[in-house]
Amino acid sequence: MNELNLDNLQELPYSMEEAINRLRINIGFLGSEVRKIMVISSVPDEGKSFVAAHIWRQMANVGTPAVLLDMDLRKSVLKETLGANVKGKGTSDFLAGSAELDEVICKTQLEDGDIILNTSNVMNPSFLLDSSRFENMMTELEKRYRYVFEDTPPLDLVSDGERIGSQCDGAILVIRSGMIPARMVRDTVAKLERAGCRILGVVLNRAASGANGYYRRYYGKKYYGKYYGRKSGYYGKDAKK
Ligand SMILES: Nc1ncnc2c1ncn2[C@@H]1O[C@H](COP(=O)(O)OP(=O)(O)OP(=O)(O)O)[C@@H](O)[C@H]1O
Ligand SMILES: [Mg+2]
């Protein structure tokens with residue numbers, strides 16, 4: 001099995017860490033039948049990879065064996081986000097039959113947290129997702145780990161999420177606060193239900209949490225700063241006068 005250090009896998013500010021901790025505890029209450037959990041959203045950038053990676057990190061940190069499975073087969077950026085200097089084979093290679101499971105699972109600095117990254121993107125993974133290798137992979141992973149957390153592509157663009165969902169015990173739906181209309185969320189829920197995928201819970205990501213909350217700091221600096229510029233006066237308490 002390969003070993004990988006994830007340079008960017010760090011603890012979050014306290015309030016965020018606590019929110020993920022609550023999610024972790026609630027997942028525990030879902031019972032022993034729920035093992036394979038996909039993290040999905042309607043559109044890009046809602047925070048699927050972020051939520052999947054941090055819930056996996058916390059689960060492993062408390063000694064619960066968990067694997068983070070990168071199922072964004074078309075446009076995966078998880079390895080860059082996590083700072084993983086991975087050169088070997090990954091999810092799509094396994095699904096295509098050119099690698100075995102032990103070649104794609106990587107140990108990380110987390111004793112109980114392994115990871116499978118997608119190292120080569122594919123144009124049309126539908127065929128791979130319909131293959132028996134995908135089903136076999138999920139069956140094997142659920143034997144080896146208490147939880148399999150799957151990072152997925154957004155549901156409105158491609159049908160990969162529905163295919164992945166049909167092999168899961170349920171989904172955590174990430175909704176980025178204020179980003180998409182309620183109608184779109186309803187469509188996503190309907191698609192998941194049609195695919196036979198139970199929605200285990202919803203994460204309202206990046207919701208405002210008060211004047212000194214993470215939301216304000218993050219948005220204030222990164223987004224308002226970036227898109228509106230300093231002159232706009234949207235900087236809040238960090239504004240340069
Ligand atoms: N709650 C949060 N607080 C701070 N940063 C966040 C939060 N959620 C997501 N981000 C950041 O927002 C960016 C987009 O998040 P992420 O990559 O997880 O979205 P995604 O839904 O996986 O996107 P894609 O559909 O393109 O895969 C990343 O830089 C991530 O670190
Ligand atoms: Mg992602």
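Just so it is clear, none of the values below were taken in a lab; they were calculated from the coordinates. Because the structure is a prediction, the values reported are computed rather than measured. Neighbour counts run over all protein chains shown; Cβ positions are idealised from the backbone, glycine included.
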- Item | Residue that is nearest to ligand 1 (Cβ to nearest atom), among those in the stretch 146-162 that are outside any loop (DSSP other than H, G, I, E, B) and either touching a Gly at 6+ places or on another chain (Cβ under 8 Å) or over 14 Å from Phe134 (Cβ atoms) (or both) | Asp151
- Message: Given (1) buried (at least 21 other Cβ atoms within 10 Å of the Cβ); (2) part of a helix (DSSP H, G or I), identify the lone condition not met by Arg133.
- Response: (1)
- Can you spot a residue in the stretch 51-74 that is of a type in the set (S, T, N, Q), surrounded by 15 or more Cβ atoms within 10 Å (Cβ to Cβ), out of contact with any Gly (no Cβ under 6 Å at 6 or more places or on another chain) and within 23 Å of Val158 (Cβ to Cβ)? no
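Go over the candidates Asn26, Asn61 one by one and state the one that is touching a residue at least 40 places away in the same chain (Cβ under 8 Å) and over 15 Å from Asp114 (Cα atoms).
On the way: Asn61 fails: over 15 Å from Asp114 (Cα atoms).
Answer to the selection: Asn26.
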- Query: What number of residues in the stretch 60-80 are touching a helix residue (DSSP H, G or I) at 6+ places or on another chain (Cβ under 6 Å) and within 14 Å of ligand 1 (Cβ to nearest atom)?
  - Reply: 5
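Which one is farthest from ligand 1 (Cβ to nearest atom), of the residues in the stretch 2-59 that are of a type in the set (Lys, Arg) and part of a helix (DSSP H, G or I)?
Keep residues of the stretch 2-59 that are of a type in the set (Lys, Arg), which gives 22, 24, 35-36, 48, 57.
Adding the requirement that they be part of a helix (DSSP H, G or I) leaves 22, 24, 48, 57.
Working: Arg22: 14, Arg24: 15, Lys48: 4, Arg57: 13 Å.
In this case the residue turns out to be Arg24.
Taking the condition within 21 Å of Met138 (Cβ to Cβ) and either in a helix (DSSP H, G or I) or of a type in the set (Val, Ile, Thr) (or both), does Thr64 pass? Break it down stepwise before answering.
Values: within 21 Å of Met138 (Cβ to Cβ): yes; either in a helix (DSSP H, G or I) or of a type in the set (Val, Ile, Thr) (or both): yes.
Here the answer is yes, as Thr64 does meet what is asked.
For the stretch 87-109, name all the residues that are assigned to a loop (DSSP other than H, G, I, E, B) and in contact with a strand residue (DSSP E or B) (Cβ under 8 Å, 6 or more places away or on another chain). Give the derivation first.
Residues of the stretch 87-109 that are assigned to a loop (DSSP other than H, G, I, E, B), as a first pass: 87-90, 97-100, 105, 108-109.
Gly88, Gly90, Ile105, Thr108, Gln109 - these are the residues of the stretch 87-109 that are assigned to a loop (DSSP other than H, G, I, E, B) and in contact with a strand residue (DSSP E or B) (Cβ under 8 Å, 6 or more places away or on another chain).
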- Item | Some residue of the stretch 121-141 being away from ligand 2 (no atom under 15 Å from the Cβ), touching a residue at least 12 places away in the same chain (Cβ under 8 Å) and over 19 Å from Arg163 (Cβ atoms) | no
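Looking for whichever is touching a residue at least 40 places away in the same chain (Cβ under 8 Å) and among the acidic types (Asp, Glu) here; the options are Glu111, Glu11. Which one fits?
Details: Glu11 fails: touching a residue at least 40 places away in the same chain (Cβ under 8 Å).
Residue meeting the stated conditions: Glu111.
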